[in-house]
Structure formats: C-alpha cells, structure tokens
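Reviewing the structure listed below.
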C-alpha cells in the first residue's frame with residue numbers, strides 16, 4: 001500500500017526493487033500458464049499470476065485513475081462528513097467499509113460463471129478474469145463509486161437520468177428491474193439443481209430457516225445488538241445442520257427431504273414471497289450476518305487450501321469447444337460467450353448498484369475510493385480465480401458428466417459415461433458412481449448449475465488439507481450450503497429491491513401502492529416480483545434443453561448490459577466535466593462490453609444455428625411440432641411445446657436487452673457530442689466544494705478516536 | 001504484533017463490521033447533540049436500526 005498524499009516523491013530503491021520482483025513473478029507465472037503445454041500446470045501459477053497482476057494494477061493503474069482522471073481531493077469533504085446524520089451518512093473506517101462493500105458485491109456469481117466457463121479451458125477464463133478486472137470491472141466500480149460520492153450518493157438510475165436524460169434514465173430503470181428478475185431466476189435455478197434429489201443438501205438448507213429465525217429472535221429480544229455472539233451461535237448450528245444432513249440422509253426421513261426440481265421450485269417461490277414480506281429482523285438480517293461470516297470464512301479457507309495443496313489443473317489450457325462452439329455446458333464460441341459467462345469476477349454491472357447506494361455515503365476521504373471500489377473488486381476477482389481452479393482440478397470426464405444437460409446425459413451412470421465418451425472424454429460408470437459416493441450423493445449425473453461442480457472441486461481441495469477422504473462428503477455439503485446461503489440471501493434481498501422499485505414506479509400511477517407501509521400493496525408487489533422470477537425458474541427447470549444452458553447466457557448478457565449502462569454514465573460524466581482526454585479509461589471497457597453484449601445478443605437472436613439462436617431453435621422445434629415429430633432431447637409433444645415457448649420468450653428478452661443498451665449508448669453519445677461542441681462547460685451536477693475538517697489517520701491502531709477525529713458541532 | 005494486539009484488532013474489526021459499535025456511536029453523538037436528554041435504551045435503538053431495513057432495502061449482489 002502506498003502513502004496517501006499527492007506530492008510526488010523521489011523513487012525509493014526499496015520500492016523499485018519490490019515492484020520489479022512483483023512484476024517478474026507475475027510475468028513468469030503468466031508465461032507458465034500461457035505457454036506450457038502437454039505438461040502438468042499447477043494451480044499455484046494461476047494464483048501468482050493473479051496476485052502479481054492485481055498488485056501492479058492497484059499500485060499503478062488504480063493510482064493513475066484516482067490522481068489523474070478522477071482527481072480525488074482529500075481536502076474536499078465527502079458526503080459522509082458533510083451530511084453526517086448517524087444513520088445513512090456516516091464516516092466509516094476504510095477497512096471496515098471495504099469489508100461492508102465486499103460483502104455486498106460478492107455473491108454466487110463469481111463462483112458459478114468460472115465453473116461453467118471451464119469448458120473452454122483454464123486459460124481464456126483466467127485471462128478474462130484478471131485482465132477484465134484490472135481494466136474494466138474494478139475501474140467501473142471505482143469510477144461509479146466516485147461519481148456517486150461526488151453527488152451525495154445518488155443511485156445509478158438517478159445518475160443516468162441526471163447525466164444522460166429522461167430516456168436514458170427510464171431505460172436504465174427498466175434494465176435494472178428486468179436484470180434483477182433474470183438474476184434471481186438463474187441463481188434460484190442453481191440452488192434447485194444443487195438440491196434436487198439430495199436429502200442431505202435439502203435438509204441442511206431447510207435448517208437455515210429455523211436457525212435464522214432463532215438468531216433473529218435472540219437478537220431482538222434476548223441480546224439486542226450482540227451480533228458477533230449471535231453469529232457464532234448461528235455458524236455453530238449451521239455446521240451442526242450440515243453434519244445432521246448426513247444422518248438424515250441415512251435415516252427413514254430421507255424420503256421426506258428427497259424433492260423433485262418442480263417441488264423445489266414451489267418451495268423456493270413460497271419462501272421468496274414469505275421472506276420478502278416478513279420484517280427484516282426475523283429472517284433477512286440474521287441471514288445476512290450468517291452469509292457474510294460464511295462467505296469470508298469459506299473464501300479464506302479455500303485460499304489456504306489452494307496455496308497448501310497447489311493442485312494440478314486437469315483441464316486443457318484451451319479446449320476444442322472454444323473454437324468449435326459445440327460445448328455441452330453452454331453453446332457458442334469463445335468470443336463472445338466466455339465474456340458473457342464470466343460476468344461477476346471480471347466485470348459485473350450489478351456492482352454499480354452497490355457502488356451507487358450505501359457505500360458512497362460512508363466514505364471518509366475521497367482517495368479511499370481506490371481501496372474500496374478498486375480493491376474490493378480485485379478481491380472478488382480472486383474469488384472467481386479460485387472457483388475456476390476448483391473446477392479445473394476436476395477430471396474433465398467428471399466435469400462433463402456433471403455439467404452437460406440431462407437431455408444429453410440420460411439418468412444413469414452408464415448413459416452418462418457413453419455421452420461423455422461421445423464428447424471426447426472418458427469416465428467409467430464405476431468411477432462416476434464412486435465420485436458420487438465419496439461426496440455422499442446418490443448421483444452426480446447432470447448436476448448442472450455450477451454449484452455441485454464447485455462443491456466437488458472444493459471438497460477435493462479442502463479434504464486434502466483438512467480431514468482426508470473421510471470428510472469429503474462433509475466438505476461437499478459445506479460448499480453447497482455456503483453457496484445456497486448466499487443465493488437465498490440474494491433472493492430475499494433482491495425480491496425486496498425489485499418490489500421497492502415496482503412500488504416506487506407504480507406509486508406514480510396510484511398513490512397507495514407507493515407507500516412502503518401499506519400491507520396489501522406490499523403483498524401484491526412482492527407477489528408480482530416473485531412470480532416474475534418464479535416463471536423463469538419454472539421454465540428453466542422444465543426445459544428439456546437444460547435451464548442453465550438456456551438461461552445463463554441471458555443472465556450474462558443482462559449483467560454486462562448493466563455494466564454498459566454504468567460505464568456509459570461514467571464516460572458521459574468524464575466528458576461533461578471536461579475530461580475528454582481521459583474518457584478512454586471508461587470508454588474502452590464500455591466499447592468492449594458493448595461489442596461483447598451486442599455480439600452475444602445478435603447471435604442469440606439471429607444465429608441460424610439452433611443450438612445458439614433462440615429463434616432458429618424455435619423454428620426447428622415448431623416445424624417438427626407441426627408435423628407431430630419429437631426431436632431429442634425432448635421426449636414428448638408437451639416438451640416440444642415447452643421448448644418452443646421458452647425459446648420465444650428468451651429470444652424476445654435477448655433482443656429487448658440489446659435494444660436497451662443501444663438506446664442508452666446512443667442517447668449518451670448525443671449528450672457527449674453536445675458537451676464537446678458546447679463553447680462553455682456544461683453545468684456540473686456535483687455537490688459544491690466544502691473544505692474537509694475530518695482527520696483520518698493512516699495507522700492501524702484499532703481505536704475509535706483513531707478512526708474519526710470529530711470536530712465540534714454546534 | 002503480539003497475540004493480544006492481534007486479538008484486539010480482530011475484535012475491533014468484527015465489532016465495527018457487524019455494527020455492534022453502532023450503539024456506542026449513537027450514545028456519543030446523542031451526548032454531544034442533546035446533552036442531558038435521555039438516550040434510547042439499547043433494545044429500542046437496535047430495533048429502530050434493524051427496522052429501517054424494511055423501508056430501505058439494500059441490494060446484495062449476485
């Protein structure tokens with residue numbers, strides 16, 4: 001870390017030596033992972049390449065952006081200082097705020113995407129995660145955080161309306177809402193696929209509800225405010241629930257917890273509704289504490305595991321699927337689909353919502369946007385690298401037996417073994433069964449969605465450090481629990497945010513609906529949001545072509561679309577504030593994500609290949625249906641009809657998302673053009689300069705006086 | 001760094017991160033803004049703090 005302050009110091013030799021060493025280590029690691037072929041490559045090199053690149057990106061590029069492009073000014077009071085109300089706005093220690101911000105941005109996304117992208121090999125995914133975060137993802141997060149901070153913490157929607165105009169603002173709002181729906185559906189689908197026919201997993205996840213309720217009541221009535229103590233009790237009960245899942249699986253209760261995907265969809269939709277209308281203290285708040293503790297703990301555990309075991313990557317650097325586009329996990333070639341599949345971890349538009357929400361209202365000093373915005377995103381990217389490692393240390397045969405759609409693999413280990421052989425990989429039925437037995441599952445065939453694959457990979461890594469083969473089943477279910485916990489928290493919080501947006505918008509039409517305290521309005525809007533994502537979830541579960549295969553690209557397109565909106569806002573602000581010469585900092589990633597998103601949507605809409613193009617797919621199945629034929633993997637005419645309906649809806653959505661991006665970018669281009677042509681600079685939307693009186697120490701002494709030295713107030 | 005200091009650091013961090021210190025900060029602030037006026041008891045303060053979440057939903061990322 002560097003010393004704050006903007007005075008240029010003479011290069012000091014120690015620092016030069018250290019940075020030279022970091023660069024060499026990073027370059028050697030990149031050399032190994034990119035060039036070594038036909039030999040075993042250790043995951044250790046991926047970690048070194050990532051950490052080396054992050055260090056250089058943070059030290060040089062992020063500093064350049066902070067000083068030259070954003071011109072952060074520590075003499076300027078932040079909204080946290082100016083508007084300090086002890087509630088929304090309050091200056092918060094930067095390390096604490098980094099923790100808050102990281103907990104809010106990190107979720108299941110960086111864990112799932114890289115696992116699916118492993119079908120193209122470890123190299124494309126690694127490169128995109130690392131290069132993408134340094135030049136796009138972390139830049140987006142930091143710049144949006146800065147822009148919002150300078151405007152008293154305005155949300156992305158408000159920023160889009162103020163900076164681009166009413167059309168851009170409306171498009172952004174519609175974009176955010178529809179993206180939320182797709183994200184909730186896809187994440188729920190991941191949970192359904194992880195829990196279907198798994199009494200162990202289903203029992204332990206179900207137990208998180210009473211555990212959270214218990215914590216909620218404990219915090220509310222017995223020990224108000226004692227969060228650490230409550231969370232420790234919760235985590236202990238959670239571990240007990242995971243262990244107990246194994247007992248349940250072996251007992252007569254197993255049947256009661258062996259649920260079909262369809263039943264799970266029903267349970268999740270009901271859960272989503274109930275959780276979203278209950279007061280936050282009962283379920284959401286305690287759940288959030290639990291998932292934050294689990295998140296940070298598990299990620300640290302996995303990092304230790306990867307560093308100690310340094311597992312060997314089993315996947316090829318670049319597989320044939322990267323060029324043929326025939327991969328079973330998701331269809332399409334490396335470009336653009338790797339960049340769509342790995343969204344979170346490299347560039348995630350969703351983060352712009354967090355970076356323009358709570359965080360900017362709590363920053364003490366402007367220069368801290370670098371550590372909080374850029375730094376937290378680097379941490380998330382590292383999570384993605386570890387998820388990729390966990391997927392790539394698996395035997396490819398097992399990977400495809402778990403991740404190809406059920407329609408391709410069939411239901412037995414024999415049929416799956418044959419199907420995997422057809423893809424060009426091998427796994428014997430015995431080995432496949434043994435892998436399932438080792439983690440305490442009935443079967444691992446077609447456990448799509450990424451979560452089970454990651455869990456198997458994590459159980460390999462963690463069991464070789466902690467506990468040996470005997471604990472594999474525990475670690476597998478620990479990992480499933482860890483992911484499902486995040487996702488259920490996201491589902492709950494996301495449904496609330498979606499409802500809030502809906503209430504806000506509908507309140508303009510009919511006043512009572514806008515009142516957050518009016519119960520019927522609350523229930524009705526919650527039901528609408530839950531049904532919206534529930535529809536896509538149900539469609540995904542019943543899709544013979546595989547819900548993940550069909551829906552994940554939409555999820556990626558939606559997330560990158562949001563990134564395009566955020567980067568458009570950022571670029572517009574840079575241009576309008578007279579920083580045209582630095583606008584490339586956000587304009588280049590914007591151009592990249594626009595090209596990726598639009599190419600992917602174009603292919604999803606217009607491709608003639610029925611595996612990729614939604615409408616080509618619809619055409620093919622509709623024609624067959626007219627003649628009463630059944631095309632594999634559909635098994636009957638009903639399933640044929642399902643495919644036709646789903647591909648129509650998905651195709652329309654892909655086209656819709658793409659047109660939103662185009663509208664926003666064109667509108668922004670117009671605004672930028674006016675700004676450049678205008679003789680006088682456009683009026684600024686920043687809050688006026690107020691001199692900062694806040695003293696912030698750079699030390700590490702944990703005391704409250706140290707972090708905030710308050711000035712006297714009237 | 002001594003183990004004692006490390007423990008202090010971890011404890012400080014966790015208390016700040018989870019918001020356990022919010023009440024102390026509130027008392028401090030209250031004492032300064034309204035000297036002499038009775039402050040909310042912890043139970044009531046934590047209630048109000050948590051219930052704000054009902055009206056201000058915060059997004060969690062994917």
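Axis angle, to the nearest 10 degrees, between helix A:472-507 and the longest C-alpha principal axis of chain A: 60 degrees.
Seen through its C-alpha gyration tensor, with square-root eigenvalues sorted a ≥ b ≥ c, chain B comes out oblate because a/c lies at 1.5 or above while a/b is not bigger than b/c. Look at where the Cα atoms of the range A:606-625 and of the range A:522-559 average out, and the two centres are 20 Å apart. Note the angle between two axes, namely the Cα long axis of helix A:227-250 and the longest principal axis of the Cα atoms of chain A, as a number of degrees from 0 to 90, rounded to the nearest 10. The two axes meet at around 10 degrees. Counting beta carbons within 10 Å around each of A:335, A:474 and listing the fewest first gives the order A:335, A:474.
Using packing as a proxy for protection, rank A:565-573, A:255-263 so that the peptide with the highest average count of other Cβ atoms within 10 Å comes first. Before the final figure, lay out the partial values.
Numbers: A:565-573: 29.1, A:255-263: 15.3.
In descending order of packing, they fall as A:565-573, A:255-263.
How well do other chains shield peptide A:80-93, expressed as the mean number of their Cβ atoms within 10 Å of each residue Cβ?
For peptide A:80-93, the averaged partner shielding equals 2.
For the range A:1-136, the square roots of the Cα gyration tensor eigenvalues, ordered a ≥ b ≥ c, give a/c of at least 1.5 with a/b no greater than b/c, which places it in the oblate category.
By how many nm would the segment from residue A:167 to residue A:638 lengthen if fully extended, with 0.36 nm per residue of separation less the alpha-carbon distance?
165.4 nm
Per residue of B:17-29, count partner chain C-beta atoms within 10 Å of its C-beta, then hand back the mean as an integer.
Numbers: counts 15, 12, 6, 6, 3, 5, 2, 2, 4, 2, 0, 4, 6.
Partner Cβ neighbours, averaged per residue: 5.
Quick one: if the Förster radius is 51 Å, what FRET efficiency do residue A:251 and residue B:56 give, using the C-beta to C-beta distance and rounding to 0.05? With a Förster radius of 51 Å, E is 0.70.
For the segment A:539-551, counting C-beta atoms of other chains within 10 Å of every residue's C-beta and taking the mean gives 0.
What number, in percent, do you get for the relative contact order of chain A if the mean sequence gap of Cα pairs under 8 Å and at least 6 apart is divided by its residue count? Write out the running numbers ahead of the final one.
Details: 1166 pairs, mean separation 162.3, N = 714.
Result for chain A is 23 percent.
Highest mean packing first, where packing is the average number of other Cβ atoms within 10 Å per residue, the peptides A:622-629, A:500-507 line up as A:500-507, A:622-629. Seen against the Cα atoms of chain A and their longest principal axis, helix A:451-465 is set at about 80 degrees.
Separation of the range A:660-692 from the range A:220-265 is 51 Å, based on Cα centroids. Shape of the protein assembly as shown from its Cα gyration tensor (a ≥ b ≥ c, root eigenvalues): rounded if a/c is under 1.5, otherwise prolate when a/b > b/c, or oblate? Rounded shape, in that the Cα axes give a/c under 1.5.
Packing around the peptides A:437-445, A:345-353, taken as the average count of other Cβ atoms within 10 Å per residue, puts them in this order, highest first: A:345-353, A:437-445. Relative to one another, the C-alpha centroids of the range A:278-322 and the range A:369-409 are positioned 9 Å apart.
Any read-out appearing in this document is the output of simple, stated calculations on the displayed coordinates, not a laboratory observation. These figures come from a predicted structure and were not determined experimentally. So basically every Cβ, Gly included, is an ideal-geometry build from the backbone, and we count neighbours across all protein chains shown.
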